[in-house]
Amino acid sequence: MTWIRWRPAIIGAGGAARAVAAAMQPAAEVWVIARNLGQAHRLCRDLEILRGGAVDVDQMEQTVARAHLVVNATPADLPPPAWLRGDQCLFDLRSRRSPEGRAMLLYQGAASFEIWTGRKAPLDVMRAALGAASVPA
């Protein structure tokens, strides 16, 4: 997929945010919103983000308003639904609280299974176990 026209706003600056930002570089204009602005700057520097950059959490609403894609890479309920437009996409990485996060957790687990065992992951079994263990949002 080409991200050349996308302007993602990633909320958070930890490992999950880093993975999302790396996947979109160098084409997208990536904005990393964080409470710890230094951590957001480090992420942008490490990934050589030239289009976009680090944003303080105080500027989250304005940054989200300009974004095409909003990624919640924090454990919090962000952004508030009232901030989102109908044409924006929200991807919530919280593993047990969103379909997107559960899918990410499933495939991370499958990759780990295959690395550690050398066998193909039983995705159907893992999906069923995840569904049985998941707590509704």
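Go through segment 40-60 and count every residue that is within 15 Å of Gly15 (Cα to Cα) and over 16 Å from the mean Cα position of the chain (by Cα). Qualifying residue count, segment 40-60: 4.
Residues of segment 58-73 being touching a residue at least 40 places away in the same chain (Cβ under 8 Å) and of a type in the set (A, V, I, L, M), which ones? Met60, Val64, Ala67, Leu69, Val70, Val71, Ala73 - these are the residues of segment 58-73 that are touching a residue at least 40 places away in the same chain (Cβ under 8 Å) and of a type in the set (A, V, I, L, M). Of the residues in segment 105-116, at least one is aromatic (Phe, Trp, Tyr), at pLDDT 85 or above and within 27 Å of Pro26 (Cα to Cα).
Wholly within segment 43-137, which strands (runs of 3 or more DSSP E) include no fewer than the required count, namely at least 1 residues that are at negative phi and surrounded by fewer than 17 Cβ atoms within 10 Å (Cβ to Cβ)? Walk me through how you get there before you give the answer.
Numbers: elements: 52-56, 69-72, 89-92.
Counting at least 1 such residues, we get 52-56, 89-92.
Could you say whether any residue in segment 48-63 is under 15 Å from Leu90 (Cα atoms) and of a type outside the set (S, T, N, Q)? Within segment 48-63, one or more residues are under 15 Å from Leu90 (Cα atoms) and of a type outside the set (S, T, N, Q). Just so you know, in segment 28-51 the residues that are acidic (Asp, Glu) and without any contact (Cβ under 8 Å) to a residue 24 or more places away in the chain include one that is nearest to His68 (Cα to Cα), and it is Glu29. When residues in segment 1-27 are screened for being under 21 Å from Cys89 (Cβ atoms) and assigned to a helix (DSSP H, G or I), 9 of them pass.
Tell me, yes or no, whether segment 28-35 has at least one residue that is open to solvent by 50 Å² or more (accessible area, probe 1.4 Å), in a helix (DSSP H, G or I) and in contact with a strand residue (DSSP E or B) (Cβ under 6 Å, 6 or more places away or on another chain).
No: zero hits.
Figure legend. Inter-residue proximity from segment 114-134: first residues without any contact (Cβ under 8 Å) to a residue 24 or more places away in the chain, second residues assigned to a helix (DSSP H, G or I) and open to solvent by 50 Å² or more (accessible area, probe 1.4 Å), beta-carbon distance below 7 Å, spacing 6+ or different chains. Indicated pairs: Lys120/Glu114; Ala121/Phe113; Ala121/Glu114.
The values are calculated or read from the model by the stated rules, or taken from the named source; none is laboratory data. On a predicted model such as this, the values are computed, not experimentally measured, just so you know. Glycine gets a Cβ as well: all are built from the backbone with ideal geometry, and neighbour counts include every protein chain shown. Accessible surface is based on the protein model in full, side chains and every heavy atom, while ligands, DNA and RNA are left aside. Shrake-Rupley method; radii C 1.70, N 1.55, O 1.52, S 1.80 Å.
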